[in-house]
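S.K.: Structure below; questions to follow.
The values are calculated or read from the model by the stated rules, or taken from the named source; none is laboratory data. In this text the structure is predicted, and so the values were computed from the model without any measurement. FYI the Cβ positions are ideal-geometry reconstructions off the backbone, even for glycines, and counts take in every protein chain you see.
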Amino acid sequence: MVSRQDAVLNLSHLLTRAPGASFEAHGEGLLVPSEEEQRHDGVRLDGPLAWRVTVRGTGGDDDLIADGEVSGTAVQECRRCLTDVRAFVRADFLYPMTYAPAGGKALTLIEAPLAAEGGDVDPSEGGEDRLAFGAPEVDFATLLRQLFAIEMPLTSLCAPDCRGLATDGTNLNDHPDHVPEGATERTERSPFAALEDLDLDPRS
Ligand SMILES: [Zn+2]
């Protein structure tokens, strides 16, 4: 499969409804977000993102349904010892899609309005997130990157019993017996040791 920086599906045959036209568009591939895109998303990737997207006509007036998934390997720092940890991340999605030529060309995720306190949401407003697109050629790359980033774990551990770092930065997983210089004295000193320096003798 060819690695690319976009994830374009052409939905024109779903929009024209030519007789005999298929009511489905399918695409899959490997997406390679640029360094800049990864920085923007707060993601560090080890390899490309594998994706697949299928868009189907629902038989209704204008409505389409997009479903798909994106997966790949993210690199995060262990929250205790800061070494790189690789995590396999997979996100799938299912959104209604609306063709809105008046809007911008790019694929946009429109989040469902939150119910106002004490009020009701009009069901016709749609209580679900949906995608809007303004041109038959739809690039899903940004959406796929966002869904992947959202699915990433907030923090990672290299191992459940990671020992973390000593105060001098030594990795205690590699050097379990390491004691940072000066640490013995500090830790073994009584919390009241500072009182020894107080001169309580009124005669001096
Ligand atoms: Zn660790």
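S.K.: Quick check: is even one residue across segment 66-83 surrounded by fewer than 13 Cβ atoms within 10 Å (Cβ to Cβ) and assigned by TED's automatic domain parsing to the domain that holds residue 28?
M.R.: No, segment 66-83 contains no residue that is surrounded by fewer than 13 Cβ atoms within 10 Å (Cβ to Cβ) and assigned by TED's automatic domain parsing to the domain that holds residue 28.
S.K.: Can you name the residue in segment 1-24 that is in contact with a Phe, Trp or Tyr (Cβ under 9 Å, 6 or more places away or on another chain) and in a loop (DSSP other than H, G, I, E, B) and, of all such residues, is modelled with the lowest pLDDT?
M.R.: Out of the qualifying residues, it is 17.
S.K.: Return a yes/no flag: does segment 86-107 have any residue that is surrounded by 12 or more Cβ atoms within 10 Å (Cβ to Cβ), over 16 Å from residue 143 (Cα atoms) and within 16 Å of the ligand (Cβ to nearest atom).
M.R.: Within segment 86-107, one or more residues are surrounded by 12 or more Cβ atoms within 10 Å (Cβ to Cβ), over 16 Å from residue 143 (Cα atoms) and within 16 Å of the ligand (Cβ to nearest atom).
S.K.: Moving to a separate point now. Identify the residue in segment 139-179 that is near the ligand (Cβ under 10 Å from one of its atoms) and in contact with a Ser or Thr (Cβ under 9 Å, 6 or more places away or on another chain) and, among all such residues, is nearest to residue 77 (Cα to Cα).
M.R.: 158
S.K.: How many residues, within segment 53-64, are surrounded by fewer than 17 Cβ atoms within 10 Å (Cβ to Cβ) and modelled with pLDDT of 95 or more?
M.R.: Selection size over segment 53-64: 1.
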